[in-house]
Amino acid sequence: MDVVPLSTPDGVVVTYMCGKCWRTAYTESLMNDHGQRVDEHKLTLRQKYAQECCTCRECGGYVNGPYQYPFICPTCRPAYDERQAAALAKYRAEADERALLTARSLDKSPNPTSARTLESLMSEISEARWCAGWLTDLEYYLWRDAHEDVNSTMYNYAGLLQLAKECDGWWEYERFIPMNEWLEKYATWEKTHGEAAKA
Ligand SMILES: [Zn+2]
Ligand SMILES: [Zn+2]
């Protein structure tokens, strides 16, 4: 939509407003303690927000207020909602499919309960160490570290190995891998990544 620059009397543009609803994004000053304008990037952002204000994200047409996010005009709304619903259905189907594959992989464990506990402990350590529910290649790092530092007082590596023994396997993101298969996988990984991936 229309963008109106707002400037000081001597012509310095300090922000932009939406020409339709006269709103501006943010109210914080872009002037520093020395009276100079800082952060040109923020000014550009404000221009962008003013441009996007009152603008339908789908057709680029005008959306009458009140302030709504994301801006979708009434004409575009039904198709947009339909697309969102389809995306949700797809997401749901994929999640179901993944859950099924996980369940099937667990059939290969003599102790699925321990296997499930192992999975959550692996994820818990991933969260504690790397702030990620499941770090990429977590399975390899944890296997290596648990063996190298089994007496760790930071992480329950001994517990990991105990559970792995009970369920006779290991997890590769959402999939249970029987121990013999896992040992082969790990040996292959160690050859190519082992040293380089030490962190
Ligand atoms: Zn607006
Ligand atoms: Zn529209």
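Every read-out reported here was derived from the displayed coordinates using simple, explicitly stated rules and does not represent laboratory data. Fair warning: this is a prediction, and the values are worked out from it, not measured in the lab. Using ideal geometry, Cβ is built from the backbone for each residue, glycine included, and neighbour counts are taken over all protein chains shown.
In degrees, nearest 10, range 0 to 90: what is the angle between the Cα axis of helix 179-192 and the longest Cα principal axis of the chain?
So the helix axis and the longest Cα principal axis differ by about 60 degrees.
Once the piece of chain linking T188 and T113 is laid out straight, how much longer is it, given 0.36 nm per residue of separation minus the C-alpha distance between them?
Numbers: separation 75, 0.36 × 75 = 27.00 nm, distance 2.81 nm.
Using 0.36 nm per residue and subtracting the Cα-Cα distance, I get 24.2 nm.
Straight-line reach only, C-alpha to C-alpha below 27 angstrom: list the lysines that K48 could link to, leaving out same-chain residues fewer than 8 apart.
K20
Can you give the local net charge around R104? Use residues other than it whose beta-carbon is closer than 15 angstrom to its beta-carbon, Lys and Arg +1, Asp and Glu -1. Walk me through the numbers before you get to the answer.
Values: positive: R98, K108, R116, R175; negative: D96, E97, D107, E119, E172, E174, E181.
Charge balance in the 15 Å sphere: -3.
Report, in degrees rounded to the nearest 10, the 0 to 90 angle that the Cα long axis of helix 112-130 makes with the longest principal axis of the chain.
So the helix axis and the longest Cα principal axis differ by about 50 degrees.
Counting only other residues whose beta carbon sits under 14 Å from that of C76, what net charge do I get with K and R as +1, D and E as -1? Walk me through the numbers on the way to the answer.
Working: positive: R57, R77, R83; negative: E58, D81, E82.
Net charge around C76: 0.
Could you tell me the relative contact order of the range 1-72? Use alpha-carbon pairs under 8 Å, at least six residues apart, and round to a whole percent.
Working: 102 pairs, mean separation 20.2, N = 72.
Contact order relative to length: 28 percent.
With an 8 Å cut-off on Cα pairs and a minimum separation of 6 or more residues, tell me the relative contact order of the chain in percent.
13 percent
So, R0 is 22 Å and r is the distance between the beta-carbons of R57 and A89; what FRET efficiency does that work out to, to 0.05?
Numbers: r = 22 Å, r/R0 = 0.98.
So, using R0 = 22 Å, E works out to roughly 0.50.
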